[in-house]
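Report on one structure; see the data block that follows.
The values are calculated or read from the model by the stated rules, or taken from the named source; none is laboratory data. Predicted, not measured: the structure shown is a model, and the values here were computed from it. Here the Cβ positions follow ideal geometry from the backbone for every residue, glycine too, while neighbour counts run over all protein chains shown. Just the protein is used for accessible areas: all its heavy atoms, side chains included, with ligands, DNA and RNA removed. Shrake-Rupley method; radii C 1.70, N 1.55, O 1.52, S 1.80 Å.
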Amino acid sequence: MNAPFQNITWIESHFQEILPSDEVVLDLKYATSDNFMRQDVYQSFHRCFLSPLAAQHFQQACLRLSDQHPSLQFRIWDALRPRSVQAQFYSHLHGTPFQGYVAAPYPGSLHNYGMALDLTLQNKSGELLDMGTDFDDFRDLAQPQLEETLLASGSLTKTQYSNRLLLREIMENEGFKVLAHEWWHFNALPKEEVWHKFPVVE
């Protein structure tokens with residue numbers, strides 16, 4: 001059994017699996033070495049889970065994408081993430097200029113509750129829409145809260161900004177909210193509500 005997901009029976013009972021479809025492609029970055037840790041922290045675990053509530057909202061986002069932009073798909077980079085993995089991330093960045101990009105393991109990231117998604121958009125030939133940065137880019141260029149300044153300076157192009165807004169519009173119309181410093185990260189509910197009402201995966 002893969003160490004970060006040892007209690008898979010419990011996970012299957014409490015969370016909903018998101019499967020590939022016409023609107024969804026899975027590319028779980030932490031099940032590869034193509035991430036800021038430069039290692040496979042999920043030990044090749046390629047299944048994608050969300051809290052049932054978050055999954056319901058995401059299914060509505062998929063319907064909206066299919067209806068309004070049938071040539072596009074979501075590409076999911078991360079969803080449910082055990083708190084043990086969160087601790088590895090936090091330890092890796094603690095004491096560096098980038099430590100603010102990773103939530104402390106207690107009370108934890110909303111990923112640890114299956115209430116967050118890291119994702120982008122691509123066309124159905126697999127070409128990613130240009131968002132200005134890749135996933136897990138720790139530069140200011142990745143921050144939605146700085147986009148107006150980035151646009152004015154020319155660091156972010158109008159096309160890149162429009163692509164971010166498209167992703168944001170689809171997700172936020174179904175109740176998700178983008179994280180202020182990561183254009184790819186969307187929370188299903190406010191963190192204070194999640195911490196007190198939803199189960200965490202250790």
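Would you work out the charge dipole size for segment 1-109 about its Cα centre, treating the Cβ of every Lys and Arg as +1 and the Cβ of every Asp and Glu as -1, and quote it to the nearest 20 debye?
320
Please list the non-local residues whose amide H lies under 5 Å from the amide H of D78, H modeled 1.01 Å from N, same-chain partners needing a gap of 5 or more.
Result for D78 returns D118.
How large is the accessible surface of H92 in square angstrom, using a 1.4 angstrom probe and rounding to the nearest 10?
My reading of the accessible area for H92 is about 90 Å².
Average the reciprocal distances over every distinct pair of alpha-carbons in segment 2-117, invert the result, and give the Kirkwood radius in Å.
15.0 Å is the Kirkwood radius here.
Relative contact order for segment 29-176: what percent, with Cα pairs under 8 Å and sequence separation of 6 or more?
24 percent.
Taking 0.36 nm per residue of separation and subtracting the Cα-Cα distance, what length does fully extending Q56 through E202 add?
50.3 nm
So if I take the alpha carbon set of the chain, get Rg, then get Rh from the Kirkwood formula, what is the Rg over Rh ratio?
0.94
Taking springs between alpha-carbon atoms closer than 10 angstrom, which of G154, G114, G175 fluctuates most in the Gaussian network model of the chain?
Looking only at G154, G114, G175, the biggest GNM fluctuation is shown by G154.
Rounded to whole Hz and in sequence order, give me ³J(HN,Hα) for segment 174-189 from the Karplus expression 6.51 cos²θ - 1.76 cosθ + 1.60, θ = phi - 60°, writing x for Gly and Pro.
Taking θ as phi minus 60°, the curve returns 10, x, 7, 10, 6, 6, 4, 10, 9, 5, 8, 9, 10, 9, 7, 8 Hz for segment 174-189.
Once you place label points 7 Å from the Cα toward the Cβ at L141 and E169, how far apart are they in nm?
2.5
Once phi is turned into θ = phi - 60°, what whole-Hz ³J(HN,Hα) does the Karplus curve with 6.51, -1.76 and 1.60 give for every residue of segment 74-81, x standing for Gly and Pro?
Taking θ as phi minus 60°, the curve returns 7, 10, 8, 9, 6, 9, 4, 9 Hz for segment 74-81.
Just to confirm, what accessible area per residue do you get for the chain at 1.4 Å probe, in whole Å²?
Solvent-accessible surface per residue comes out at 47 Å².
Any idea what the relative contact order of segment 21-94 is, in percent, if you count C-alpha pairs under 8 Å spaced at least 6 apart?
Once normalised by length, the contact order is 43 percent.
Within segment 30-108, which trypsin sites (Lys or Arg not before Pro) sit in a loop by DSSP and count at most 12 neighbouring Cβ atoms inside 10 Å?
Of the trypsin sites (Lys or Arg not before Pro), the ones in loops of segment 30-108 whose Cβ has at most 12 other Cβ atoms within 10 Å are R38.
Select from L189, A79, Q6 the residue farthest towards the positive end of the dipole of the chain; place +1 on Cβ of Lys and Arg, -1 on Cβ of Asp and Glu, and compute about the Cα centre.
Final value for the positive-end residue is Q6.
Please give the calculated 222 nm ellipticity per residue for the chain, where each DSSP H segment of at least 4 residues contributes -39500 (n - 2.57) and the sum is spread over every residue; nearest 500 deg cm²/dmol?
-9500 deg cm²/dmol
Can you give me the Kirkwood hydrodynamic radius for segment 91-174, using every pair of distinct Cα atoms, in Å to one decimal?
In segment 91-174 this quantity evaluates to 14.7 Å.
Given V41, L151, N163, which one lies farthest toward the positive end of the charge dipole of the chain, if we put +1 on the Cβ of every Lys and Arg and -1 on the Cβ of every Asp and Glu?
V41
Which value, in debye to the nearest 20, describes the size of the charge dipole of the chain about its Cα centre when Lys and Arg Cβ atoms bear +1, Asp and Glu Cβ atoms bear -1, and nothing else is charged?
The calculation lands at about 260 debye.
Please list, in chain and number order, the residues 5+ apart from L121 or on another chain whose amide H is under 5 Å from its amide H, with Hs placed from the backbone.
The list, which skips near neighbours in sequence, is R75, L129.
Quickly work out the Q68-to-R38 label distance, labels modelled 7 Å from Cα along the C-beta direction, and quote it in nm with one decimal.
Placing both labels 7 Å beyond Cα along the Cβ direction yields 4.0 nm.
Where the accessible area of segment 73-181 is counted over protein heavy atoms with a 1.4 Å probe, how much of it, in %, is carbon and sulfur?
Exposed carbon and sulfur together represent 50 percent of the surface.
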